[in-house]
Structures are given as structure tokens and as C-alpha cells.
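S.K.: I'd like to ask some things about the structure below.
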Amino acid sequence: MWMVLEETDQGIIEACRRGDADAFRSLFEIHKDRVYSIALRYCGDRVEAMDIAQEVFLKLFSAIPNFRGDSRFESWLYRIVVNCCFDHKRKALRLGPLVDDFLGMLRAPGDGALQQLMRDQLGDRVRNAISALPPDQRIAIVLRYTEGLSYDEIGEVLGCTSGTIASRLNRAHKTLERRLAHLAGGKNA
């Protein structure tokens, strides 16, 4: 969807840079769901995600005249979202919707109450493990697995190399594996 909108965005962005309020409303309409989704997946709280999204668009409104086009607009917007998420939550965050979506895909029709309870408890444990990750690893997980960005795209958003992203994701995977090993019958660290 982002790539299809890129050409349309260019005209809208130019109009926004000139101060066209209608163009900014159009830009908001195009990107509001994606911004909210990233914020929600990062913080796990709908009200907080709405606050983050509002903050993103306030920053975007004031910063768009400075957008030079050195990078894709989407990457620049992701960077604003990431910064707002980091600013908004420096402590432990929940990543509930990501796990809920994953668990929803695993649910089979006709599951009994016991199986549902076990999945819910598993989801809580996974959410807690993810929320305990350092913010740089947590946002890399969100951008990779909920937004489907490549290592290069995440690196562009976060201002680092794809190698750094690979390292962050590797550390996050190892930490999660260690913290969740007991769920698969391994040792609990």
C-alpha cells in the first residue's frame, strides 16, 4: 500500500509544504491507520496509541516544511512515529495486540475452555517477555514482524545499518528464546 501511495504522496507533500491545510488532511487520512497501528503495536494500549498518533501528526504538521526528500516519505514518517513511541514510553511496554493477533490465528473452532485459558496464559507470558526487551530491540521486532519492513528499511527508519538491525533482532530473539524456553520444556532463565 505504501508504494502505491508514494507518487500521490509527493503531490500532497508539496502542497503541505506550501501550507495547504486540505493537503495535510489528505496526508492524515492516508497515513492515520498505519501510524496508529505502529503506535498500538509498540505500546499495547489503545488510548496511549491514540495519544502517540496525535503527537506524530502534530510533529508532522510542524516538520513537513523541512522534509527535503532525501529519503522516502514513509521512512521519514516511520522515524517520527518511532521517536514519539520512544519519547512516550521509556519504561516497560506491553505488546498485547501483536500476540493477540498471533494467538487469534492459532485458535481452532470448537476449542474448549481449558485450551483457551492455556493460550491466554501463554500470550501473557510472551507479551511480558517482549515488553521486557530494551526499546531498540522492541521497536525492531515491531517494525519487522508487524509492519513487515526489511532490515534495510528498518535501518533507514532507525538511522542505523541493516547489520545493526540484524544484531538487534538477533539479540531480541535470543533473549526471548531464553526467557520463554520453559514453555517448550527447556530451562527458564
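What follows is calculated from the coordinates using simple rules that are stated; it is not laboratory data. Keep in mind that this is a model prediction, so the values were computed, not measured. Neighbour counts run over all protein chains shown; Cβ positions are idealised from the backbone, glycine included.
S.K.: Take the Cβ-Cβ distance between LYS59 and ASN170 as r, set R0 to 35 Å, and report the resulting FRET efficiency rounded to the nearest 0.05. Walk me through the intermediate numbers first.
M.R.: On the way: r = 31 Å, r/R0 = 0.89.
Efficiency computed from Cβ-Cβ geometry: 0.65.
S.K.: Say a paramagnetic label sat at a point 7 Å from the Cα of ILE30, along Cα to Cβ; which residues of the range 43-67 have their backbone N under 19 Å from it?
M.R.: Label zone hits: 54, 56-67.
S.K.: Next up: Provide the packing ranking of 67-77, 35-45, i.e. peptides ordered by the mean count of other C-beta atoms within 10 Å per residue, highest first.
M.R.: 35-45, 67-77
S.K.: With labels modelled as points extended 7 Å from the Cα through the Cβ direction, what inter-label distance (nm, one decimal) is found for GLN10 paired with ASP87?
M.R.: Label at GLN10, label at ASP87, 3.0 nm between them.
S.K.: So how much slack lies between ASP51 and ARG18, counting 0.36 nm per residue of separation and subtracting their Cα-Cα distance, in nm?
M.R.: The ASP51-ARG18 span can extend by a further 9.2 nm.
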